[in-house]
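We did not get these values from a lab; they are worked out from the coordinates using the rules stated. Not measured: the values here are computed from a predicted model. Reconstructed Cβ throughout: ideal geometry from the backbone, glycine too, with neighbour counts over all protein chains shown.
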Amino acid sequence: MHERLRAAVFLLGALLIWELAARFGPWPHALLPGPFAVAARLAALAADGRLGAGVARSLVRLAQGYGLSVALGVPLGVALARSPLVRSVLRPATIGLQALPSVCWLPLAALWFGLSEAAIVFVVLAGSLLAVAIATEDAVSGVDPGLLRAAGTLGIRGARFHLGVLLPSALPGILTGLKLGWSFAWRALMAGELLFPAGGLGQLLNAGRARADPAQLLGVIAVIVALGVLVDQVLFRLLEVRVRRRWGLATAT
C-alpha cells in the first residue's frame, strides 16, 4: 500500500511539474502542451473511435507476432539446452542476432512482405523470438540435474519427460524470458507501425507528427507506456506470483 501511495504521489508531482513547465516554460505552449491539453486530445481520439481502433489493431498484431515467438522460441530454447549439436551450430548465431536491433529487420520485412500486416508481424516475431529462446535455454539448463536423473531412473522419457518434468521445473525462468520477450515485441511493434501505414498506435503517432500536433503525440506515447505497464504489472505479475507460489519460491500472503 505504501509503495502504491508513493507511486501515486510521484505521478501527481510529475504531472504538476509538467503543467507548470507547459504554462511558464520558455518554449511555445504549442510545442509542449500540458497534461490537461493532452488528456483532452486523447478524449477526442477516444470519442471518434480512433484510439480504441488503434489499440485493438496493435494488440492483435502483438498477439500474433508474440504468440509465434513463444511457440517457436520455447522449443528452440529447449533444443539449445538439451542438444549439444543444436547448441554448437545455432548458439553463436543466436547470440549475434539477439544483439541486432529490431528496426534492422524493417527493410527486409518490407522487401519480403511489402507494406502489409505480415511485415509488421514478422518484425515483432524477429524482435522477440531470440529473447524467449535464450531465456528458455538458460532456464532449462538450470534445472536440477538430480531431478532429471530421477526422472530417467523412473523411465520418464519423450514428451512425458519434457511436458511433465523439464518444462514445469524450468517454468519460473521461462516466465522471465516471456516477460523479456514481451518488452522486445512491444518495441518492435511500434517500430513496425511507424514505418508501415497500416493503422495502430504507431500510425496515430505518425498522424500526430504530420499534423504537428504534440498533444496527440504525447497522448499516444502515454497510452503506449500505460499498456506496457499494465501488461507487466498485472498480467505478468499475477503469473509470476502463481508460479513462484506453486514452486515454493515465495510465501503466500
Exercise for the section: Rank 171, 69, 233 by how far each Cα sits towards the positive end of the charge dipole of the chain (+1 on Lys, Arg Cβ; -1 on Asp, Glu Cβ) and give me just the farthest. Expected result: 171
Handout entry: Extent along principal axes [Cα atoms of the chain; Å; largest to smallest]
Key = 72, 51, 31
Practice task
Would you please give the FRET efficiency between residue 3 and residue 213, computed as 1/(1 + (r/R0)^6) with r the Cβ-Cβ distance and R0 = 41 Å, to the nearest 0.05?
Solution key: 0.70
Exercise for the section: Can you tell me the dipole magnitude for the chain around its Cα centre, using point charges on the Cβ only (Lys, Arg +1; Asp, Glu -1), in Debye to the nearest 20? Expected result: 540
Exercise for the section: Take the Cβ-Cβ distance between residue 141 and residue 233 as r, set R0 to 25 Å, and report the resulting FRET efficiency rounded to the nearest 0.05. Expected result: 0.30
Practice task
Using only Cα atoms, tell me the angle between helix 167-195 and the longest principal axis of the chain; keep it within 0 to 90° and round to the nearest 10.
Solution key: 30
Problem - R0 of 30 Å, Cβ-Cβ distance residue 198-residue 72: FRET efficiency to nearest 0.05 - result: 0.80
Problem - Phi to ³J(HN,Hα) by Karplus 6.51 cos²θ - 1.76 cosθ + 1.60 over region 56-63, Hz, x for Gly, Pro - result: 4, 5, 5, 5, 5, 4, 4, 4
Completion exercise
Fewest-first ordering of 29, 162 by Cβ atoms within 10 Å yields 29, 162
Handout entry: Phi to ³J(HN,Hα) by Karplus 6.51 cos²θ - 1.76 cosθ + 1.60 over region 98-106, Hz, x for Gly, Pro
Key = 5, 7, 6, x, 5, 5, 5, 7, 4
Problem - Extension reserve of the residue 98-residue 16 stretch, reckoned as 0.36 nm per residue once the Cα distance is removed - result: 25.5 nm
Problem - Furthest towards positive pole of dipole, 111, 142, 162, structure part region 92-218, Cβ charges - result: 162
Exercise for the section: With unit charges on the beta carbon (Lys/Arg positive, Asp/Glu negative), name the residue among 132, 99, 78 whose Cα is farthest towards the positive pole of the charge dipole of the chain. Expected result: 78
Completion exercise
To the nearest 10 degrees, the tilt of helix 117-141 (Cα long axis) against the first principal axis of the alpha carbons of the chain is 40
Problem - Cα long-axis angle, helix 2-24 against the chain (0 to 90 degrees, to the nearest 10) - result: 30
Problem - Electrostatic dipole magnitude of region 1-139 [Cβ: Lys, Arg +1; Asp, Glu -1; Cα centre; debye, to 20] - result: 40
Completion exercise
Packing-ranked peptide list from 99-106, 233-240, highest mean Cβ count within 10 angstrom first, is 99-106, 233-240
